[in-house]
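Engineer: A single structure is presented below for examination.
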Amino acid sequence: MSYYPIFAILIPIIFAIVIYLINDPRSNLLAFIAQGALLVVGLRYFSLYLPEGEYYLVLGAFGDKLNITLISNTLTYGYGLLSVLLWFSVILYSWPHQKQSSSYYFFLLFLQGVFMGIVHAHDFFNLFLFIEIATILSGILIIYKKDGPSLRAGIYYIVFNTAGILLFLIGLSMLYRMTGTLHMGLVQDALSGMEQDATMIMIFVLMCVSMGVKSAFFPVYNWLPRAHSVSTSSISAVLSGIMVKSGVLGLYKIQQVFPMEAYKDFFILLGMITALCGLFFGISQTNIKRLLAFSTISHIGFIVMGLSSLEVPTSEGVSGALVHIVNHGFLKILLFLGAGSIVRSYKTYDLEKIRGVLHRMPLVGAVMLFGILSIMGTPLLLGYQGKALVGMILRDQPLFYLGYHFINLGTLILFGRLLQILLPRGSRKPLTVSIYDRLSLGLLTAGILFLNLYQLMVPGFGGLRFYEAPLSPEAWLFFLLYLLVAYLFIRQSPITASFFEKVREYELSFQAANYMMVAFIFIMLLWSEVFNLF
């Protein structure tokens, strides 16, 4: 069972291949069995090996410098269980619409295996390989609707992300030439004894920009709202809730290897700008899926702020940013699947035409209300924990701490607009909701409640007792203040205002997006020069 990383990667891939080869609608049930197998293996590993801490699985007979290395620890195990629950929910949700399509489950399960490869990879070549495969599979799933908008968005996604990952490959070749290995631990040891010259900085910049493209950092974010708004709701949920985090995890691995203290404040600032940019565009949206897509950009920026301000997680707890990756994954999948049910029933994406969800679709409305309040960062609910820790870390840096508060305020304004769809207006005639929708949303909600209670009751997560922190007067005071300002803003700024219309119409061309990528590289290189001056 010490081969858990291999099982986590290969089980979904093998089941995907079997489903594709059999090519019979009945064989698609194997997708559920695959999740059960992953869960059994994960629980078995938890009971036998997890208490022992971190360990490595080395494959190959080429020496330490060239072997494939997979890492397994509390973090990778957590993402493994996250993937099981989320993929199971997505498979269940999409079952009535895709149960005849073996190719759909082939790509979906294969993507799960590749994601587990990204999580467990401990050498840069295999990290590159898994991310590139994930890009191709994600692009195929975006195109899966086979209509004009999804085809254009899928091609845009594949081409732009491939251009980004090529930067990683260039950095990879330079890194191998410099250190003679791509094993993350050995690279870290080698770089720690070297002077930070121009070559090392260039390698770091190329690899970080590549991960920035993958996770839609500012200014290379434009592919995300395009792709997530036109794909099916189940695929949008997987992309936004899980796959977009692969670049963040890649960035986290890079930051732990390279001794680049000069870029700590840069990434906090970049995360803050990314978060505010996502909120600025998200608040202006009338399309429910585009609003959720831009909110993902905002949360990615927030996570980057946390990752760049914290030290390496210890055995006593994990950073707020890594906690928020998990929490956001659960909540965003819940909201995308709930939005899919609403769109299917109301037959529109327009937020102004969707009202009375709590009355017409009580279960979906209640789930959406819970998800919205959680992702807003309401104290005691799931979205609060990671945000609280990141805020405490940034407290000693006034500029970033001010940005943190603006991000929290913007989040309440954005999701305050989404809350309006729950309010009654016009018809209150009940709308039907598929049993599969109810089961998948119920399962996700149960998982979120369990995780919520776990994080509140366990005195971990960075050494903080989160069952005490949400009860502090300061936490509630700030939240209520955000709520009041958000309410006044929404009341005084109708979504139909001409300013918001202009923001909605703004769209970067593919050419402009590539210019932004080049500018991103030059800005990072310039930052290093400016830092050295001071």
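The values are calculated or read from the model by the stated rules, or taken from the named source; none is laboratory data. Computed from a predicted model, the values in this text were never measured in an experiment. Quick reminder, even Gly has a Cβ in these numbers, built from the backbone with ideal geometry, and neighbours come from all protein chains shown.
Engineer: Could you say whether any residue in the range 57-77 is in contact with a Lys or Arg (Cβ under 6 Å, 6 or more places away or on another chain), touching a residue at least 24 places away in the same chain (Cβ under 8 Å) and not in a strand (DSSP E or B)?
Structural biologist: Checked against the condition, which is being in contact with a Lys or Arg (Cβ under 6 Å, 6 or more places away or on another chain), touching a residue at least 24 places away in the same chain (Cβ under 8 Å) and not in a strand (DSSP E or B), the range 57-77 yields no hits at all.
Engineer: Examine the range 508-524 for a residue that is within 30 Å of ASP350 (Cβ to Cβ), assigned to a helix (DSSP H, G or I), small (Gly, Ala, Ser) and modelled with pLDDT under 90, and state whether such a residue exists.
Structural biologist: Looking through the range 508-524, none of the residues is within 30 Å of ASP350 (Cβ to Cβ), assigned to a helix (DSSP H, G or I), small (Gly, Ala, Ser) and modelled with pLDDT under 90.
Engineer: Same structure, new question: Checking the conditions here, which among LEU449, LEU409, LEU402 is in contact (Cβ under 8 Å) with a residue 12 or more places away in the chain and in a helix (DSSP H, G or I)? Quick ask: steps written out before the conclusion?
Structural biologist: Working: LEU449 fails: in contact (Cβ under 8 Å) with a residue 12 or more places away in the chain; LEU402 fails: in contact (Cβ under 8 Å) with a residue 12 or more places away in the chain.
After applying the criteria, what remains is LEU409.
Engineer: Please work out which one of (1) surrounded by fewer than 20 Cβ atoms within 10 Å (Cβ to Cβ); (2) at pLDDT 95 or above is the condition GLY317 fails and give its number.
Structural biologist: Unmet condition: (2).
Engineer: Looking at (1) in contact with a helix residue (DSSP H, G or I) (Cβ under 8 Å, 6 or more places away or on another chain); (2) surrounded by fewer than 24 Cβ atoms within 10 Å (Cβ to Cβ), can you tell me which one PHE217 breaks?
Structural biologist: The single condition PHE217 does not satisfy is (2).
Engineer: Something else about it: Quick check on LEU166: is it surrounded by fewer than 22 Cβ atoms within 10 Å (Cβ to Cβ), of a type in the set (A, V, I, L, M, F, W, C) and under 20 Å from the mean Cα position of the chain (by Cα)?
Structural biologist: no
Engineer: (1) at pLDDT below 95; (2) on the phi < 0 side of the Ramachandran plot; (3) surrounded by 22 or more Cβ atoms within 10 Å (Cβ to Cβ): which one isn't true of GLY377, the others all being true?
Structural biologist: (2)
Engineer: Only one of LEU21, LEU43, LEU85 is within 21 Å of LEU444 (Cβ to Cβ), surrounded by fewer than 24 Cβ atoms within 10 Å (Cβ to Cβ), modelled with pLDDT of 85 or more and not small (Gly, Ala, Ser). Can you tell me which?
Structural biologist: Details: LEU21 fails: within 21 Å of LEU444 (Cβ to Cβ); LEU43 fails: modelled with pLDDT of 85 or more.
Unique residue meeting the criteria: LEU85.
Engineer: I would also like to ask the following. Among the residues of the range 374-399, which ones are hydrophobic (A, V, I, L, M, F, W, C) and either in contact (Cβ under 8 Å) with a residue 40 or more places away in the chain or outside any helix (DSSP H, G or I) (or both)?
Structural biologist: ILE375, MET376, LEU380, LEU381, LEU382, ALA388, LEU389, VAL390, MET392, ILE393, LEU394
Listed here are the residues, each with its yes/no results for (1) modelled with pLDDT of 70 or more; (2) surrounded by 11 or more Cβ atoms within 10 Å (Cβ to Cβ); (3) outside any loop (DSSP other than H, G, I, E, B).
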position: GLY460; (1), (2), (3): no, yes, no
position: TYR467; (1), (2), (3): no, yes, no
position: GLU474; (1), (2), (3): yes, no, yes
position: VAL485; (1), (2), (3): yes, yes, yes
position: PHE489; (1), (2), (3): yes, yes, yes
position: PHE500; (1), (2), (3): yes, yes, yes
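Engineer: Here are GLY180, GLY154, GLY212, GLY171: which of them is at positive phi and either surrounded by fewer than 19 Cβ atoms within 10 Å (Cβ to Cβ) or modelled with pLDDT of 90 or more (or both)?
Structural biologist: After applying the criteria, what remains is GLY180.
Engineer: Also, I was wondering about something else. With respect to the numbered conditions (1) at pLDDT 95 or above; (2) farther than 30 Å from HIS97 by Cα, which one is the sole condition not fulfilled by LEU50?
Structural biologist: Only one criterion in (1) at pLDDT 95 or above; (2) farther than 30 Å from HIS97 by Cα is unmet by LEU50, namely (1).
Engineer: Taking VAL326 as meeting all but one of (1) part of a helix (DSSP H, G or I); (2) more than 23 Å from HIS228 (Cα to Cα); (3) aliphatic (A, V, I, L, M), write down the number of the exception.
Structural biologist: (2)
Engineer: Another question, then. With the range 114-229 as the region, which helices (runs of 4 or more DSSP H) entirely inside it contain at least 3 residues that are in contact (Cβ under 8 Å) with a residue 40 or more places away in the chain and closer than 21 Å to GLY271 by Cβ?
Structural biologist: Values: elements: 124-143, 148-179, 184-192, 198-214.
Answer list for the range 114-229: 148-179, 198-214.
Let's see how each residue does on (1) at pLDDT 90 or above; (2) in contact with a helix residue (DSSP H, G or I) (Cβ under 7 Å, 6 or more places away or on another chain); (3) over 22 Å from LEU86 (Cβ atoms):
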site: GLY247; (1), (2), (3): yes, yes, no
site: GLY250; (1), (2), (3): yes, yes, no
site: ILE254; (1), (2), (3): yes, yes, yes
site: MET260; (1), (2), (3): no, yes, yes
site: LYS264; (1), (2), (3): no, yes, yes
site: ALA275; (1), (2), (3): yes, yes, yes
site: LEU279; (1), (2), (3): yes, yes, yes
site: GLY282; (1), (2), (3): yes, yes, yes
site: LYS289; (1), (2), (3): yes, yes, no
